[in-house]
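A quick write-up on the structure given underneath.
The values are calculated or read from the model by the stated rules, or taken from the named source; none is laboratory data. All figures in this text were calculated on a predicted structure; none of them were measured in a lab. Heads up, the Cβs are rebuilt from the backbone with ideal geometry, glycines too, and the neighbour counts pull from every protein chain shown. Just the protein is used for accessible areas: all its heavy atoms, side chains included, with ligands, DNA and RNA removed. Shrake-Rupley method; radii C 1.70, N 1.55, O 1.52, S 1.80 Å.
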Amino acid sequence: MTLHFTNAKLIDPDAGQIITGGLTVSGGKILQIGEDTAPKGADVIDCGGQYLAPGIVDLGVKVCEPGERHKESYRSAGQAAAAGGVTTMITRPDTDPAIDSPEVLEFVTRRANEAAPVNVVPMAALTKGRAGREMTEIGFLMDAGAAAFTDCDHVVTDTKVFGRALTYARSLGALVIAHPQEPILSKGAAATSGKFASVRGLPAVSPMAERMGLDRDIALIEMTGAKYHADQITTARALPALERAKANGLDITAGVGIHHLTLNALDVADYRTFFKLKPPLRDEEDRLAVAHAVASGLIDIICSMHTPQDEESKRLPFEEAASGAVGLETFLPAAMRLVHAEVMDLPTLWRAMSLNPAKRLGLPAGRLQAGAPADLVLFNPDAPFVMDRSSLRSKSLNTPFDGMRMQGKVLKTFVAGNCVFEAH
Amino acid sequence: MRQFAQEQGRRPSITLPRRAMPAYKAATLQKGLPMSFPHRHLLGIEPLSPPDITAILDRADFYADLNRQADKHNDVLAGMTQINMFFENSTRTQASFEIAGKRLGADVMNMAMQASSIKKGETLIDTALTLNAMHPDLLVVRHPQSGAVDLLAQKVNCAVLNAGDGRHEHPTQALLDALTIRRAKGRLHRLSIAICGDIAHSRVARSNIMLLGKMENRIRLIGPPTLMPSQIGEFGVEVFDDMAEGLKDVDVVMMLRLQKERMDGGFIPSEREYYHRYGLDAEKLAHAKPDAIVMHPGPMNRGVEIDGTLADDINRSVIQDQVEMGVAVRMAAMDLLAQNIRNARAA
């Protein structure tokens, strides 16, 4: 089946440009871009002058299978992803039990293939039970399809264990993703130390804890030569260390969650637990510094850090409440804030949301070129709406954007040339 | 006068005569006509305006006088139910709220929450909803976590009074401190006030900084840097780590309890070094103004943050007056909130 998109603005993150024209899809792959004459017999989709971009590749989505399917299943997460323009979910292993054996990974892959309308690429735990003591069967897990290895927000405190896991992973060419954080300094913290945490009387962690964690990890990468990705860099203080490590030629990349790019510590206001994240939201200076680091390419990847939590785990005093926010469906409109605030343009944003994560994990997605998979999102970057969390497709509705005015609507989402979402 | 009282073996009240109250205000107080207090709850000092604070203190002055009468009853809460929910140990605050409620004629019930349903795994919200279904009018809550009382107040439809939440706020303590200062100094503005000790873990300090700041006083915080909250300098206060320097020419010295139970460990080297450097004694107090008063929210650690003799010095210490004003301020706060409840029901 051949499909032709006509009258579109095509975002090409690789070339860093926007082309006006058409795009043809055949056999689930992109046939050509630019030419706006539909081939004979092709179904034509009129994009009405809106933007067509590679689908978002979201690195670090939590789907709560196995263990807590009431919070999020592959079906609900997949539908949320499709509605948010996310065509590839790279899922986290911080489930209960953790995804730390080939058997669990196979279960997850099967569930994902049955239920999710978008591509699912699973990650596996770096250590058994994410406990930081013994490494998992990295080789078997890679054979079973694990794209990367991470203990998520658990820091492997034992540097010997972490160093060995990195060395072993390097021998297999596996990517290790870690959470840069000094675990003892940040223990028990619910906020970032500063004026706001002082007023609210919340236990807080210095932003320096992130740099300390990153510095340690950088030293270990230098020692082992492993392929490393820092899941979230959220403070200005960590950026020079990251820049130096890259300049020294280490195989290191870094990401940041969309919430840390669009919200700051003050948004917590009267102890709103939907704004409790891990790491906690930072000051405005940090947010701006990190946003500009994404624009400059120092931080490579933006992700949604989709973390479903049910009402019970959020309706608690702030210190006790669970961390995390859902982000799949609000990812694109939230990211549009960065474009509308002129921090970065659309191709730069797509480089961070789609091209870079795909490249880092060795996936063919994230590109707008002939031969690439036809995973596409058609969207209007300006359409305004008021976010209503009850409209979310996720099983958990813990979005911090509830009631906020946003801009940017996904019109259609395609995975391998098939329409998986269409806005009414 | 004071000397005479001492000779007579009676404890003198060191409170100075109050400013003459305007006649219209005195009339309002006596008749118990509603004064405007535009708040549903008393969750903290932060949302209060200076007129709100003055309204509570003026009302409390009336109750302070009433509390010295033989008949201490003014049954403005008659028929109302007050529940004291304490999720954290407290003797003094709970007793103060209980007496305040009883003197105003409310039906008062105390619940020691550590002992009850929390142990059975019930959440804070469910506990609140259960009690709410019993139609209390006033809920007095203390909780070990910051923000827990705000959360609870969102889920009930009675007036909630914060009796201390974590390290966040303790509004009635700040109000009773303010009343004590106003009665001792004759005013509550343009005073130089030092708050000394464990500021980081203290909700009393936070509420006091906010209240005294709103009333346009000069606030100095004194304590070891490990016990100072981060970026506290941005609150419009001066920060000192030396007692002699910090206490220079202040009108009021407010000591804080060294909250041993909140210490994760390692904030100060030892109690004796703390007492040597930060414990208030006559020598350190000599740096303050000659008529400076000494306050402490209690319970005191004698010989840790304050010298026992100084704490008992009736010429300097107003610690007992603070306890007395505590009952009056809580009566005033509950009275004002109850008036709002009654007005809302009448409307």
Inset, instruction - Output the helices (runs of 4 or more DSSP H) that fall wholly within the stretch A:132-206 and possess 1 or more residues being touching a His at 6+ places or on another chain (Cβ under 7 Å), or say none. - result: A:195-200
Inset, instruction - May I ask you to say which residue of B:Ala64, B:Ala55 is touching a Phe, Trp or Tyr at 6+ places or on another chain (Cβ under 7 Å) and modelled with pLDDT of 90 or more? - result: B:Ala55
Legend entry - Filtered residues of the stretch B:125-161 (kept if closer than 30 Å to A:Ala189 by Cα and of a type in the set (S, T, N, Q)): B:Thr127, B:Gln145, B:Ser146, B:Gln154
Legend entry - Filter result (within 14 Å of chain A (Cβ to nearest Cβ), open to solvent by less than 70 Å² (accessible area, probe 1.4 Å) and touching a helix residue (DSSP H, G or I) at 6+ places or on another chain (Cβ under 9 Å)) within the stretch B:257-279: B:Phe267
Inset, instruction - Could you tell me which numbered condition A:Thr253 fails, if it satisfies all but one of (1) open to solvent by 10 Å² or more (accessible area, probe 1.4 Å); (2) within 14 Å of chain B (Cβ to nearest Cβ); (3) touching a residue at least 12 places away in the same chain (Cβ under 8 Å)? - result: (2)
Legend entry - Filter pass, A:Ala383 being more than 20 Å from the chain's Cα centre (by Cα) and buried (at least 16 other Cβ atoms within 10 Å of the Cβ): yes
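Conditions tested, residue by residue: (1) free of Cβ contacts under 8 Å to residues at least 60 places away in the same chain; (2) of a type in the set (A, V, I, L, M); (3) touching an Asp or Glu at 6+ places or on another chain (Cβ under 9 Å).
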site	(1), (2), (3)
A:Val326	no, yes, yes
A:Leu363	no, yes, no
A:Leu368	no, yes, yes
A:Met387	yes, yes, yes
Legend entry - Test result for B:Val237, away from every other protein chain (no Cβ under 14 Å), open to solvent by less than 50 Å² (accessible area, probe 1.4 Å) and not polar (S, T, N, Q): no
Inset, instruction - Sort out for me the strands (runs of 3 or more DSSP E) sitting completely within the stretch A:37-117 that have 3 or more residues that are within 30 Å of A:Glu134 (Cα to Cα). - result: A:56-61, A:86-91
Inset, instruction - Taking the residues in the stretch A:358-380 that are aliphatic (A, V, I, L, M) and assigned to a strand (DSSP E or B) as candidates, determine which candidate is surrounded by the fewest Cβ atoms within 10 Å (Cβ to Cβ). - result: A:Leu378
Inset, instruction - State which residue pairs qualify: first residue under 16 Å from B:Ala174 (Cβ atoms) and inside the stretch B:47-73, second residue among the β-branched types (Val, Ile, Thr) in any location, beta carbons under 6 Å apart, and separation of 6 or more residues or different chains. - result: B:Ala60/B:Val329
Legend entry - Hey, A:Asp310 within 14 Å of another protein chain (Cβ to nearest Cβ) and open to solvent by 30 Å² or more (accessible area, probe 1.4 Å) or not: yes
Inset, instruction - Can you confirm whether the stretch A:59-68 contains a residue that is among the aliphatic types (A, V, I, L, M) and farther than 24 Å from A:Ser323 by Cα? - result: no
Inset, instruction - Name the residue, out of B:Gln82, B:Gln114, that is in contact (Cβ under 8 Å) with a residue 12 or more places away in the chain, outside any loop (DSSP other than H, G, I, E, B) and open to solvent by 40 Å² or more (accessible area, probe 1.4 Å). - result: B:Gln114
Inset, instruction - Pull up the stretch A:92-125, narrow it to residues that are under 14 Å from A:Gly60 (Cβ atoms) and in contact with a helix residue (DSSP H, G or I) (Cβ under 7 Å, 6 or more places away or on another chain), then point me to the one that is most open to solvent (accessible area, probe 1.4 Å). - result: A:Val120
Inset, instruction - List every residue pair whose Cβ atoms lie under 6 Å apart, where the two residues are 6 or more positions apart in sequence or sit on different chains, the first residue falls within the stretch A:190-209 and is at the interface with chain B (Cβ under 9 Å from one of its Cβ atoms) and basic (Lys, Arg), and the second residue, located anywhere, is surrounded by fewer than 24 Cβ atoms within 10 Å (Cβ to Cβ) and assigned to a loop (DSSP other than H, G, I, E, B). - result: A:Lys195/B:Gln231
Legend entry - Whichever residue in the stretch B:132-152 is open to solvent by less than 10 Å² (accessible area, probe 1.4 Å) and hydrophobic (A, V, I, L, M, F, W, C) and, among such residues, is nearest to the other protein chains (Cβ to nearest Cβ): B:Ala148
Inset, instruction - Scan the stretch A:101-120 and report the pairs whose first residue is more than 12 Å from A:Leu141 (Cα to Cα) and without any contact (Cβ under 8 Å) to a residue 60 or more places away in the chain and whose second residue is outside any strand (DSSP E or B) and open to solvent by 50 Å² or more (accessible area, probe 1.4 Å), with Cβ atoms within less than 6 Å and a gap of 6+ or a chain change. - result: A:Ala115/A:Arg75
Inset, instruction - Taking B:Ala163 as the residue in question, decide whether it is surrounded by 24 or more Cβ atoms within 10 Å (Cβ to Cβ), in a helix (DSSP H, G or I) and either out of contact with any Pro (no Cβ under 8 Å at 6 or more places or on another chain) or within 9 Å of chain A (Cβ to nearest Cβ) (or both). - result: no
